[in-house]
Structure formats: structure tokens, C-alpha cells
């Protein structure tokens with residue numbers, strides 16, 4: 001990881017992958033996360049999806065909620 005780039009991006013107000021991961025880890029450690037779905041683009045360009053203990057249908061529902069949330073932010 002490029003620590004200098006990470007600090008520069010955070011100072012510029014960017015939400016970095018590391019900042020997201022740290023925030024989610026903190027929420028999980030405090031018991032605030034019931035279920036989790038993540039879609040990430042790896043450095044080599046491949047897409048990876050992972051989810052917690054939920055059934056596939058609930059994971060799909062969470063992904064749809066996430067898609068809707070992104071679309072709402074695009075409209076703002």
C-alpha cells in the first residue's frame with residue numbers, strides 16, 4: 001500500500017478503500033452490522049463479490065439496495 005497516496009487522498013476528502021474497510025471493521029466490532037455484502041474491483045481489474053452468513057436471496061436484495069443508493073447519490 002502506498003501510505004503517502006493514502007494520506008494525500010484522505011486529506012483531499014476522498015473515501016479510500018482502506019478508509020471504507022476501517023469504517024466497516026469498526027462498525028462490525030461494535031455490533032452495528034447485521035449482514036454484509038461487498039463488491040470490489042481488485043488492482044488487476046477483476047471483480048470480486050463477498051457476503052456474510054445471509055442466504056443468496058438476501059445478498060441479492062442488499063445489492064439492489066446498494067444499487068438504488070448509488071443511483072440516488074447520482075441524482076443529487
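Summary table below
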| quantity | calculated |
| --- | --- |
| Residue 55 vs. criteria modelled with pLDDT of 95 or more and either more than 13 Å from the chain's Cα centre (by Cα) or surrounded by 10 or more Cβ atoms within 10 Å (Cβ to Cβ) (or both) | yes |
| Residues within segment 15-35 that are at pLDDT below 95, surrounded by 11 or more Cβ atoms within 10 Å (Cβ to Cβ) and not in a helix (DSSP H, G or I), tallied | 1 |
| Subset of segment 61-76 (residues that are part of a helix (DSSP H, G or I) and either touching a helix residue (DSSP H, G or I) at 6+ places or on another chain (Cβ under 6 Å) or loosely packed, with under 13 Cβ neighbours inside 10 Å (or both)) | 64, 65, 67, 68, 69, 70, 71, 72, 73, 74, 75 |
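The values are calculated or read from the model by the stated rules, or taken from the named source; none is laboratory data. What you are looking at is a predicted structure, and each value in this text was computed from that prediction instead of being measured. Cβ coordinates were reconstructed from backbone atoms using ideal geometry, including for glycine residues, and neighbour counts include every protein chain displayed.
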